[in-house]
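What follows is a set of notes on a single structure, which appears directly below.
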Amino acid sequence: SNPVTMTVNPNLVVAIGINASNNPVCAGIPVTFTATPGNEGPTPVYQWKVNGINAGTSATTYTYTPNNGDNVSCSLTTSLACALPLTVIATPITMAISPTPVVNFPLCFDSITTLNAKPIQLRGGVPFGGTYAGPGVNTVTGVFTPSLAGLGTKTITYSYTNAGLCTSFKFRNIIVQAPAPFTCGNPFTDIRDHKVYQTIQIGSQCWFAENLDYGAEISSNQHQRDNCINEKYSLHPSPLTSHSFYQWDEVMQYAETPGEKGLCPPSWHVPAENDWNTLFSNWSGIAFAGSPLKSTGFSGFNALLNGASHQNTSWDYNNFAAFFWTSTPHGAYKAWSHGMNNFDASVSSYPSSRANAFSVRCVKD
């Protein structure tokens, strides 16, 4: 017979490996799995499995949203004749779901403000290190500027992304209103709680003619804390009147910049040292300003001699002296303050412990 020359092809080794686009992954996020085959032939067959159950189509990729602990694998059946084995299974991937962060966003700032108010430092979002965003918000500094946001209800977002790149959001609304017509010397209504304050024009400045009385009353033996609750101490000399006092950090809303709004109403601020000095200059300075500014004086400022609390230990000087905070800090533990008493025509000026509780006046922006 005619000789026949035989050709023997080597047996080809079939292989398959798979990888996931993300693992671990955040809950609810789809993951794409990709197969890398070897010696699959021109018409291979792929079978994806999740927890041993067939899933997906015959393709080199498969996308789905996994649960924690899901076991994903893929089998390959080659179309080559000289391949062994004909079907191989990739090493499975066990999916891990990263926990979604629990985000809180308590209201640590005014939820209602006016278009002409000072910018608001947004705060209160936890875990710390997240991002504030929304109309009028600087996402780098976390500052909300009413004039940039415009009128209306503005939704502010606090988002936090954890180490597993999982993100959660919480939302708060800030209402921006047009400022109501106001002439200094007329009563002013705080839009936050509708409390009415008498005002007085003194020189170039417009002042409250009575002490700030904003926030929730707490016991005087407790420290006012950075807990997103606006807190005050109150003395009740009669059933019809009360006097409110604040520790410096609380009235400043834990800011350190002189002239900050603090707990004052929108478009007003806690007076800085230079604001007070401008006030005193109407009566030749600090040496003579006490007499006209006291409730017995003629300026209309009406400083009541209602004392103060010192270090949360005692209330002193009621009916003898008055103490007022400035918004100007003095080091890490003190801030500038001013005092007046029954007998002196002057106003004292000294750095006081921030733990003391003094009266607060607001001055117009």
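The values are calculated or read from the model by the stated rules, or taken from the named source; none is laboratory data. The model shown is predicted, which means the values in this text are computed figures rather than measured ones. Counting neighbours? That spans all protein chains shown, and the Cβs are built from the backbone with ideal geometry, glycine included. In case anyone asks, the SASA skips ligands and DNA or RNA and just uses the protein heavy atoms, side chains included. Shrake-Rupley method; radii C 1.70, N 1.55, O 1.52, S 1.80 Å.
Key figures
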{"item": "Qualifying strands (runs of 3 or more DSSP E) (wholly inside the range 282-365; at least 3 residues being aromatic (Phe, Trp, Tyr) and surrounded by 14 or more Cβ atoms within 10 Å (Cβ to Cβ))", "result": "321-330"}
{"item": "Cross-chain or 6+ apart pairs with Cβ under 7 Å, the range 127-144 first and closer than 13 Å to Lys170 by Cα, then among the hydroxyl-bearing types (Ser, Thr, Tyr) and surrounded by fewer than 17 Cβ atoms within 10 Å (Cβ to Cβ)", "result": "Thr131/Thr139; Tyr132/Thr139; Ala133/Thr139; Gly134/Thr155"}
{"item": "Thr63, sole failed condition from (1) closer than 29 Å to Gly164 by Cα; (2) assigned to a loop (DSSP other than H, G, I, E, B)", "result": "(2)"}
{"item": "Residues located in the range 59-87, provided they are hydrophobic (A, V, I, L, M, F, W, C) and open to solvent by 20 Å² or more (accessible area, probe 1.4 Å)", "result": "Ala59, Leu80, Ala81, Cys82, Leu84, Leu86"}
{"item": "The listed residue being closer than 26 Å to Val31 by Cβ, open to solvent by 20 Å² or more (accessible area, probe 1.4 Å) and at pLDDT 95 or above, out of Pro99, Pro127", "result": "Pro127"}
{"item": "Of all residues making up the range 246-281, the number that are in a loop (DSSP other than H, G, I, E, B) and of a type in the set (Phe, Trp, Tyr)", "result": "1"}
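Residues are listed down the side, and each one gets a yes or a no for (1) in contact with a Lys or Arg (Cβ under 7 Å, 6 or more places away or on another chain); (2) under 30 Å from Thr167 (Cα atoms); (3) not aliphatic (A, V, I, L, M):
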| site | (1), (2), (3) |
| --- | --- |
| Val13 | no, no, no |
| Ser21 | no, yes, yes |
| Trp48 | no, yes, yes |
| Ile53 | no, no, no |
| Ser73 | yes, yes, yes |
| Ala90 | no, no, no |
| Met95 | no, yes, no |
